[in-house]
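What follows is calculated from the coordinates using simple rules that are stated; it is not laboratory data. The model shown is predicted, which means the values in this text are computed figures rather than measured ones. Methodologically, a virtual Cβ is constructed for each residue, glycine included, from the backbone with ideal geometry; neighbour enumeration extends over all protein chains shown.
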Amino acid sequence: MLSIEQKHKIVRRLIKLRIGQIIINEKYRKGSFKVPIHLAFGHEAIAIATNFVRAKGDFLVLSHRNIQYNLDSALSLRHHIHEYMLSPTGTSHGKHGSMNLMNPREGIVYTSSILGNNLSVGTGLSLSQKIKGLENSVTFVVTGDGAMEEGTFYESIEFSKSNRLPLLIIIENNEWSLATKRHERRCNIELKKLSEAFGSGYSHLTGNNVFHYIDELQKARANALKNLCPWCIEVQISTLGDWRMKTQEHPDGKFVNYHGGPAPTVELAKGIYIENDSRDPVHVISCEFGEEFIRKMESEILNEVKMDIEI
Ligand SMILES: Cc1ncc(C[n+]2csc(CCOP(=O)(O)OP(=O)(O)O)c2C)c(N)n1
């Protein structure tokens, strides 16, 4: 059970992550960065929950869309921004940029821009922990619904089950892969049944409530360790900040997933809320703590950020 102080700290991290992304988006739009970035508005609840639940000695293994995990773990927004400028003062000394950004000091030991590659690397890392006798170490791998189509997804579940490895696979299912919606490109994959077929655990997370996600991840981590098996955690996510293209066929606008690049509809001047429903983790915590509390936190964090970087 989280204390109210712990809850406030978590809310603060979530708002800080949203503000950090908004500021990066502004700078991105102005052409300040040397690398392409995949923003993750709407992915904040699962990222904060994962970083909160990870124990010392656990590994986190990421893919191209990793800002939500890395920015929350970064020493400061300034260090993170410097990394995107490929500056030696960046989080990773300007060597990894965005799509391969890792932070081993904070347990983010590998990040890959090669779709699906992080699953096999994560499985191997988990095996190495077992060989070293580090029995309490869990490896978290984050992937998307598109990456699930890579063969290594299935091989990694099979391998970690066969070798009794506690591997937590977090699938951020935003229903999109580049410019195609899931149903446009493939059949539905019933991940619950697939997990059962391998003897892997499965959890389905919806609603973007960071505290609920923490609960569920803690249970999944404990179960994966107890049963020494992989655990798939499918998280329903909407990547926010999209735009709508008016066409003859879609006079009200066809949804366009911006995948990478600046989010066209997000602006610092509009504040930290992007949607007024459960797709937006900021809206969800606002329902629990009240808008006034969130706005106060927003302005405190913005003041801190202004002292740290030039907006
Ligand atoms: C092996 C490989 N194939 C193709 C790509 C190109 N690519 C980059 S991101 C992406 C789509 C990823 O979709 P998803 O896993 O759903 O993540 P999302 O971007 O939606 O968060 C593709 C096909 C790649 N990076 N690596």
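Descriptive notes on the structure:
- GNM result for the chain, Cα springs below 10 Å: residue of 122, 94, 133 fluctuating most strongly: 133
- Two-decimal ratio, the stretch 26-117, of alpha-carbon radius of gyration to 2.2 N^0.38 Å: 1.02
- Cubic angstrom per residue, convex hull over Cα atoms of the stretch 221-281: 161 Å³
- Among beta bridges from DSSP that stay inside the stretch 4-308, the antiparallel ones total about 20%.
- Per-selection Rg to Rh, the stretch 148-234 - Cα, Kirkwood hydrodynamic radius: 0.99
- Simple point charges give the picture: +1 on the Cβ of Lys and Arg, -1 on the Cβ of Asp and Glu, and for the stretch 4-308 a dipole about the Cα centre of about 680 debye.
- Counting Cα-Cα pairs of the chain in 10 Å increments starting at 0 gives whole-percent bin shares of 6, 28, 36, 23, 7, 0, 0.
- Among 182, 105, 78: highest mean-square fluctuation, GNM of the chain, C-alpha pairs under 10 Å: 105
- Calculated [θ] (222 nm, deg cm²/dmol) that DSSP helices of n ≥ 4 give over the chain, each run adding -39,500 (n - 2.57): -13500 deg cm²/dmol
- Calculated diffusion of the stretch 109-199, Stokes-Einstein form, Kirkwood radius summed over Cα pairs, 4 °C and 1.567 mPa s, µm²/s: 93 µm²/s
- Just checking the listed ones, 254, 95, 27: in the Gaussian network model of the chain with Cα springs under 10 Å, the one fluctuating most is 254.
- With θ taken as phi - 60° and the Karplus curve 6.51 cos²θ - 1.76 cosθ + 1.60 applied, the whole-hertz 3J(HN,Hα) list for the stretch 295-311 is 4, 5, 5, 4, 6, 4, 5, 4, 5, 4, 5, 4, 6, 8, 9, 8, 9 Hz, x standing for glycine and proline.
- Computed from Cα atoms alone, the Kirkwood hydrodynamic radius reported for the stretch 134-184 is 12.2 Å.
- The H on the amide N of residue 167, modeled in the peptide plane, is under 5 Å from the matching H of 229, 231, each at least 5 residues off or on a different chain.
- Projecting the Cα atoms of 141, 191, 203 onto the charge dipole of the chain (Cβ charges, centred on the Cα centre) puts 141 farthest toward the positive pole.
- Pairs of Lys residues in the stretch 211-311, spaced 8 or more positions apart or belonging to different chains, with C-alpha separations under 26 angstrom: 6 in total.
- Measuring how big the stretch 164-311 is from its alpha-carbon positions, Rg and Dmax come out at 19.2, 56 Å.
- Fully extended contour minus Cα-Cα distance, from residue 56 to residue 75, at 0.36 nm per residue: 5.1 nm
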